[in-house]
Amino acid sequence: MPVVPMKEILDRALAGRYGVGAFNIVNDLSAEAVLAAAVEERAPVILQTSVKTVLMYGRRQLHDIVHALARDVDVPVTLHLDHCPDRTVISDCLAGGWNSVLFDAHELDVAENLRQTTEVVAEARRTGAHVEGEIEGIQGVEDDIGSDEASRIQSLEVAVDFIKHTGVDCFAPAIGNAHGQYRQAPTLDAQRVSDLVAATGVPMALHGGTGLSDDQFTDLIARGCAKVNISTALKESYMQSSLAFLKDAAERNKWDPPALFRHQRAAVMEMAQRHIRLFGGAGRAW
């Protein structure tokens, strides 16, 4: 199946009240493992790329890798640019075939954020792409973007006005969630998700998913979090499996890169399958 629009994936998920896993891939192996998990579970999936990963690979090469891997996959897949405050990178990825982007302008005042996000939406429409927006920073640093300082939470009226006037296809609210591992169990304002969906009909994106309880995931997805971001869990699965394998290889003095790759792939695939099932996305492919 060819890569499909993010809006199609998320609108179906919102209507069916299930979540689509949006996994921040770090290389071709992690991308292939997530796709294999989606195929095994018959689930739609979002492959996310951070700005850091785009710059490391180069936009063209990363795009071509993802599309080559997705070409023979028979479940819906979309390619999304995660937290990006840089309009130049946004434009480059939209021109280069990304299906959606998160324009992260939360450090601007709301009026300027609204103005620029409206421009990004118009730019995305010219390439058939979609836009995720936000007006509050999600606490925590991810791939060198963000802050450990809590962001000011805007009123419901301000958030609804932003969504309606910009025309964003997805919105990332701050509800007490955070990137990275939580230092303690978070207290989430789940009602804010319900209120935003009721007022706008737009799917919500849940950031800072790693570390939430199963019950929190289930509740937030039922309220309208159709896009569920998973980044830290992927990185931990990938690197911890690598560490365990390499420690064993050193003890045995046996160095076999293909065996390492299989070990990494299995760990990432298992992690992705577990989240896909939890989010209710299994069996939702079309």
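Heavy-atom accessible surface of the chain, averaged per residue, reaches 43 Å², computed with a 1.4 Å probe. Can you tell me the orientation of helix 6-16 relative to the chain, as the angle in degrees between its alpha-carbon axis and the longest Cα principal axis, to the nearest 10? Taking Cα atoms only, the helix is inclined about 80 degrees. Looking at the P(r) of region 1-72, how many percent of alpha-carbon pairs lie beyond 17 Å? Here the tail beyond 17 Å accounts for 44 percent of pairs.
Relative to the longest principal axis of the Cα atoms of the chain, the long axis of helix 59-70 makes an angle of roughly 70 degrees. Rounded to the nearest 10 degrees, the angle from helix 232-252 to the longest Cα principal axis of the chain is 10 degrees. Each part reduced to its alpha carbon centroid, region 187-206 and region 70-122 end up 21 Å apart. May I ask you to list the residues of region 257-286 whose amide nitrogen lies under 13 Å from a point 7 Å from Cα along the Cα→beta-carbon direction of Arg42? Within reach of a label on Arg42, which here means backbone N under 13 Å from a point 7 Å along Cα→Cβ, region 257-286 contributes 281-286. Since only Val34, Gly58, Leu94 are under comparison, the one whose Cα sits farthest along the positive direction of the charge dipole of the chain, derived from C-beta charges on Lys, Arg, Asp and Glu, is Val34.
Given +1 at the Cβ of Lys and Arg, -1 at the Cβ of Asp and Glu and no other charges, the dipole of region 6-279 around its Cα centre is 640 debye to the nearest 20.
When only alpha carbons of the chain are considered, Rg and Dmax amount to 18.2, 62 Å.
Potential lengthening of the chain between Glu157 and Trp286 amounts to 42.8 nm, from the contour at 0.36 nm per residue minus the alpha-carbon distance. Using C-alpha pairs under 8 Å with a sequence gap of at least 6, the mean separation divided by the residue count of region 6-279 gives a relative contact order of 22 percent.
Compared with the alpha-carbon gap, the fully stretched path from Ala198 to Leu55 is longer by 47.7 nm at 0.36 nm per residue.
If both residues of a DSSP beta bridge must be in region 6-279, then about 10% of such bridges are antiparallel.
Greater than 19 Å separation of Cα atoms is the criterion. Which listed pairs, Lys52/Lys164; Lys52/Lys227; Lys7/Lys164, meet it? Those over the limit are Lys52/Lys164; Lys52/Lys227. Between Glu236 and Glu119, the contour length at 0.36 nm per residue exceeds the Cα-Cα span by 38.5 nm.
The values are calculated or read from the model by the stated rules, or taken from the named source; none is laboratory data. On a predicted model such as this, the values are computed, not experimentally measured, just so you know. Cβ sites come from the backbone with ideal geometry, for glycine too, and all protein chains shown count toward neighbours. The area values use the complete protein model at the heavy-atom level, side chains included, leaving out ligands, DNA and RNA. Shrake-Rupley method; radii C 1.70, N 1.55, O 1.52, S 1.80 Å.
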